[in-house]
Amino acid sequence: TEHESSHLGRFLSEILEVLNDWSRSESVYNKMCDGCPGFRQSVKGATLPFVKYQRLVRHWQARLAATFSTGLNVSEGVEVHNSLTILSQLVGAGVFPIFDVQHEQIKSRVQPLTTDSGHTHGRSITVMAKSIYGRLEQCEDKMAKLK
């Protein structure tokens with residue numbers, strides 16, 4: 001439902017905010033994660049190195065982009081609406097996308113939904129897509145470069 005999508009969006013936003021913060025600074029990562037069981041490479045192993053953690057964050061961002069690309073490109077209007085609802089929370093909080101490649105991918109999927117002629121899902125989808133597209137345009141220069 002729309003309500004559940006909104007809650008999931010807020011949950012993901014909170015999680016990604018913390019994970020993204022840890023990936024920006026090695027000192028913050030070491031302070032917050034060093035010695036924590038969830039960041040060990042094995043039961044008695046060392047903490048996951050910062051570089052590998054950054055690679056994981058890039059992987060998670062890529063997986064989210066692929067998931068949203070699929071959700072925005074289906075014929076079922078409810079799925080598109082729910083994807084936009086979640087995406088609205090994440091883009092609005094600035095926690096996704098954070099890399100240029102995923103930014104371009106999401107922007108290219110949202111753009112056709114910004115006009116009524118680009119889809120058959122109704123006016124509410126168009127309004128939501130325009131809002132998200134505008135936010136994506138505003139944050140374009142803040143994307144980390146992966147290319």
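Here the sum of -39500 (n - 2.57) over DSSP H runs of 4 or more residues, divided by the residues of the chain, equals -22000 deg cm²/dmol at 222 nm, to the nearest 500. Got a number for carbon plus sulfur as a percent of the chain's accessible area, 1.4 Å probe? Ligands and nucleic acids excluded, carbon and sulfur give 54 percent. Using a simple spin-label model with pseudo-atoms 7 Å out from Cα toward Cβ, residue 146 and residue 120 lie 3.3 nm apart. Modelled this way, with points 7 Å down the Cα-to-C-beta line, the labels at residue 59 and residue 107 are 2.8 nm from one another. For the cross-link pairs 44/145; 52/142; 107/145, the ones whose C-alpha atoms lie over 26 Å apart are 44/145.
Listed by number, the DSSP H helices of the chain that run 18 Å or longer by alpha-carbon position along their axis and have mean Kyte hydropathy of at least -0.5 are 50-71, 77-93, 123-138. The length gained by stretching the chain between residue 4 and residue 46 to full extension, at 0.36 nm per residue less their Cα-Cα distance, is 11.3 nm. Across the alpha-carbon atoms of the stretch 92-147, the computed radius of gyration and Dmax are 11.9, 36 angstrom.
Taking a quarter of the surface of the Cα convex hull of the stretch 42-147, what do you get in nm²? Don't jump to the answer; show the numbers that get you there.
Numbers: hull surface 31.5 nm².
That works out to 7.9 nm², a quarter of the Cα hull's surface.
The values are calculated or read from the model by the stated rules, or taken from the named source; none is laboratory data. Computed from a predicted model, the values in this text were never measured in an experiment. When we count neighbours, we look across all protein chains shown, and the Cβ atoms used for this are built from the backbone with ideal geometry, even at glycine. Side chains are part of the model used for accessible areas, which takes the heavy atoms of the whole protein and leaves out ligands, DNA and RNA. Shrake-Rupley method; radii C 1.70, N 1.55, O 1.52, S 1.80 Å.
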